[in-house]
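Scroll down for the structure; my scribbles are underneath it.
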Amino acid sequence: LKKIKESGRIVLGVRESSIPFSYLDNNQKSIGYSIDLCLKVVDSLKKQLQLPNLKVETNPVTSQTRIPLMASGVIDLECGSTTNTKERQKQVAFSVAHYISSVRMAVKANSNIKTLDDLDGKPVVTTSGTTSDSLIKQNERGKKINVVNLYGKDHAESFLILETGRASAFVMDDVLLAGLIANSKKPDDFQIVGAPLSVEPYGLMLRKDDPAFKKVVDDTLKSVFKSGEVNRLYTKWFLRPIPPRGIKLNLPLGDALKSAFQKPSDQGK
């Protein structure tokens, strides 16, 4: 918080293809549900620090770079689709959860893959630096299945690996898969299958050991949840057509997320 006050600027870490949380529109501008929430935090900071002209800068991050860039002070607040885990809490802090997703797999609609067991011996892609990667490995050990692990540098590349047939499945958070499928050339060619491998609470990520800043972030989110404004934001990004191509994710608000809005928590998994 001191750094933001002294420098008069805040640097937001943003993603390029985490639809609908944090991604680029046709003008290369950062947009999304997490971006909107971060901008609410910026408004709170302007009031609290009495900095009406607080400068907002964005810095692109990937699944691999987001934690190092936060820990080293390059970014101040990460506005993406980052799962709050106990492991990550050793290095960074998280806001209360603003979204709950579950990890499943995207496959070609004409494939015979329905469950994790069907992946035995097949190439499976995930994005490096994500929780999905370790989940596949845990399940491989637990179910005695062997998959050939492939990695994309970001979600767009992972999806391309599935789309071009180099992988039989793309394991990732269901909401991110839904966004990539909806945005693809032929959405009907893909489907999301399998039981959830895990439930992922997303939080805005910030530096550890800055309780004053965390309080501003959490208080802002809690007031957005409590006032019901979050319902408007949810409708805007998950139920209505979104830029750049006017696709609709059509993901109704689930019970787990409703409960996260009613009883905000930064517990992590």
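The values are calculated or read from the model by the stated rules, or taken from the named source; none is laboratory data. These numbers come from a predicted model, not from an experiment. Note: ideal-geometry Cβ built from the backbone for every residue, glycine included; neighbour counts use all protein chains shown.
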Worksheet item: Do you know which residues across segment 99-111 are assigned to a loop (DSSP other than H, G, I, E, B) and either crowded, with 24+ Cβ neighbours inside 10 Å or among the hydroxyl-bearing types (Ser, Thr, Tyr) (or both)?
Response: Ser111
Discussion item. Against the definition (out of contact with any Asp or Glu (no Cβ under 6 Å at 6 or more places or on another chain), in the same structural domain as Phe21 (by TED's automatic domain parsing), modelled with pLDDT under 95 and more than 24 Å from Asp76 (Cα to Cα)), how does Leu253 come out, yes or no?
Written reply: yes
Worksheet entry | The lone exception for Leu39 - which of (1) assigned to a helix (DSSP H, G or I); (2) hydrophobic (A, V, I, L, M, F, W, C); (3) in contact (Cβ under 8 Å) with a residue 40 or more places away in the chain it fails | (3)
Practice prompt. Report the residue count in segment 204-242 for those that are more than 26 Å from Leu45 (Cα to Cα) and surrounded by fewer than 16 Cβ atoms within 10 Å (Cβ to Cβ).
Written response: 3
Worksheet entry | Pick from segment 18-31, criterion touching a Leu at 6+ places or on another chain (Cβ under 9 Å) and farther than 14 Å from Arg66 by Cα, ranking: surrounded by the most Cβ atoms within 10 Å (Cβ to Cβ) | Ile19
Worksheet entry | Among (1) outside any helix (DSSP H, G or I); (2) under 22 Å from Asn139 (Cβ atoms); (3) free of Cβ contacts under 8 Å to residues at least 60 places away in the same chain; (4) not basic (Lys, Arg), the one test that Pro52 misses | (2)
Worksheet item: Among the residues of segment 174-191, is there at least one that is of a type in the set (D, E, K, R), closer than 30 Å to Ser44 by Cβ, within 16 Å of the chain's Cα centre (by Cα) and not assigned by TED's automatic domain parsing to the domain that holds Thr62?
Response: no
Worksheet entry | Failed condition for Asn84, given (1) within 17 Å of Phe213 (Cβ to Cβ); (2) in contact with a helix residue (DSSP H, G or I) (Cβ under 9 Å, 6 or more places away or on another chain) | (2)
Fill in: Options Thr82, Thr58; residue that is more than 24 Å from Gln267 (Cα to Cα) and touching a strand residue (DSSP E or B) at 6+ places or on another chain (Cβ under 6 Å)
Thr58
Worksheet item: Pick from segment 67-102 the residues that are without any contact (Cβ under 8 Å) to a residue 60 or more places away in the chain and of a type outside the set (S, T, N, Q): which of them is farthest from Val11 (Cα to Cα)?
Response: Glu87
Practice prompt. Could you grab me the full set of residues in segment 202-228 that are outside any loop (DSSP other than H, G, I, E, B), of a type outside the set (A, V, I, L, M, F, W, C) and in contact (Cβ under 8 Å) with a residue 40 or more places away in the chain?
Written response: Tyr202, Arg207, Lys214, Asp218, Asp219, Thr220, Lys222
Worksheet item: in contact with a Gly (Cβ under 7 Å, 6 or more places away or on another chain) and among the aliphatic types (A, V, I, L, M): does that describe Val61?
Response: yes
Worksheet item: Just checking, how many residues over segment 112-157 are in a loop (DSSP other than H, G, I, E, B), among the polar types (S, T, N, Q), modelled with pLDDT of 90 or more and over 23 Å from Val14 (Cα atoms)?
Response: 2
Worksheet item: Taking segment 2-56 as the region of interest, how many residues are at positive phi and in contact with a helix residue (DSSP H, G or I) (Cβ under 7 Å, 6 or more places away or on another chain)?
Response: 1
